[in-house]
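Written below as structure tokens is the structure these notes are about.
The values are calculated or read from the model by the stated rules, or taken from the named source; none is laboratory data. Predicted, not measured: the structure shown is a model, and the values here were computed from it. Here the Cβ positions follow ideal geometry from the backbone for every residue, glycine too, while neighbour counts run over all protein chains shown.
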Amino acid sequence: MTESTDHTGLVMLTADVVGSYVSNNSVAAADLPALIQSIYSTLSSVGAAPAAPVEELKPAVSVKKSVTPDYIVCLEDGKQFKSLKRHLRTAYDMTPEEYRTKWGLPNDYPMVAPSYAQARSALAKKMGLGQQRSAAKKTEAPAPAKRGRKAAAA
């Protein structure tokens, strides 16, 4: 049904209800507009979906206790992880940004345990990752000079 048809149907239904009510009850003329408005708003809200109650989110552990040196605790299920990103994607189809937003966490909330991050950082430094490329070029041996063409024998 279209919106104008719904409105017309509600007006007719309101008129029927008000007519039946007034024929069986005494109502002052000044109270009729408020009665009509009340009945119309009640009838129009009957078909609408009820407002879903907003549930207060309760994390499995407190936010303060969720970050320890050796692991991160997932607020969704209370499980411990060194890295939370993959668990969020596979178990809840959630990105770290969505997770932080859902639980009201700051943008710098870690997704990796601090000790694990330090170990990975040390490994990367040991391998030489993150070094400036210009420093790497200075240590390379210069390429041998190219040989020119032979002079043509005359």
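Out of 125, 85, 79, one residue alone is charged (D, E, K, R) and either outside the structural domain of residue 66 (by TED's automatic domain parsing) or more than 30 Å from residue 55 (Cβ to Cβ) (or both). It is 125. Residues that are basic (Lys, Arg) and modelled with pLDDT of 90 or more number at least 1 in the following helices (runs of 4 or more DSSP H) confined to the range 1-92: 85-92.
The condition of being within 16 Å of the chain's Cα centre (by Cα) and among the charged types (D, E, K, R) holds for only one of 79, 85, 65, that being 85.
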